[in-house]
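Since the structure comes first, as structure tokens, the remarks are kept for the end.
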Amino acid sequence: MALTALDIVERKRPRLVDIINSDAMVGQLTLSETDSVSFAMSVLAKEPWGLLAVVDEARKLVGLVSERDIIRAMAENGTGVVEWSVSRVMKRELSVATPDTNCTDTLLMMIEKRFRHMPVIDYDGTFIACVDALQVAHAKLAEMTDSNRKLLRLMAVFTDEVNGCSPSVTFESLRRMFPVKFM
């Protein structure tokens, strides 16, 4: 199989495992289905995350409960919701990712489905963490920046330019570097 320029430039694509270890929501921010909405609210009030994972005894992900879920339930049913179990307000239909899912696919899914958090589960369904869209976007931006640097270095090698290209490179200087017909 031939090696393409894309293979050279994008040698490593960030995966969720690359950001989980650094700053993702860790697994202790979990609830059981029997915990009260009041308890969930107290945990949410103390944490910077607006979402909690609901897991069973084996740490299998069974749902997610967000601040928004609680507010909607209270708007529809009144303040008595705080006495309910989280199983009555949580989302059960989930989109999930694995640690090996790349950040591009994750970000595209999050944008398409319009949600801010992606639960990450192991291959056996065990909850690992949640990542938010900002974390994934930062990882993707870092990947693109690195790819651009590599591409500029590659262009410099092909043109025997030692200095490489600066960010202020002009179209005319590119035309001189690459004597091909531009449209």
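The values are calculated or read from the model by the stated rules, or taken from the named source; none is laboratory data. Worth saying up front: this structure is predicted, and the values here are computed from it rather than measured. Don't worry about glycine lacking a Cβ; one is built from the backbone with ideal geometry, like all the others, and counts go over all protein chains shown. These area figures cover heavy atoms from the full protein model, side chains too; ligands, DNA and RNA do not enter into them. Shrake-Rupley method; radii C 1.70, N 1.55, O 1.52, S 1.80 Å.
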statement: Matching residues in the stretch 102-120 (more than 17 Å from SER66 (Cβ to Cβ), open to solvent by less than 30 Å² (accessible area, probe 1.4 Å) and assigned to a strand (DSSP E or B)) number 0
message: When you check ALA40 against the structure, is it open to solvent by less than 40 Å² (accessible area, probe 1.4 Å), farther than 16 Å from ILE121 by Cβ, outside any loop (DSSP other than H, G, I, E, B) and of a type in the set (Gly, Ala, Ser), yes or no?
response: yes
message: Condition (residue is part of a strand (DSSP E or B), open to solvent by 50 Å² or more (accessible area, probe 1.4 Å), in contact with a strand residue (DSSP E or B) (Cβ under 8 Å, 6 or more places away or on another chain) and over 21 Å from ARG15 (Cβ atoms)) applied to the stretch 85-96: is it met by at least one residue?
response: yes
task: May I ask you to list the residues in the stretch 15-37 that are in a loop (DSSP other than H, G, I, E, B), open to solvent by 40 Å² or more (accessible area, probe 1.4 Å) and modelled with pLDDT under 90?
output: VAL26, GLN28
message: Just to verify a result, which residue in the stretch 118-144, among those that are in contact with a Cys (Cβ under 6 Å, 6 or more places away or on another chain) and not small (Gly, Ala, Ser), is modelled with the lowest pLDDT?
response: LYS140
query: Of the residues GLU143, GLU57, GLU47, GLU112, which is farther than 23 Å from VAL17 by Cβ and either under 10 Å from the mean Cα position of the chain (by Cα) or not basic (Lys, Arg) (or both)?
result: GLU57
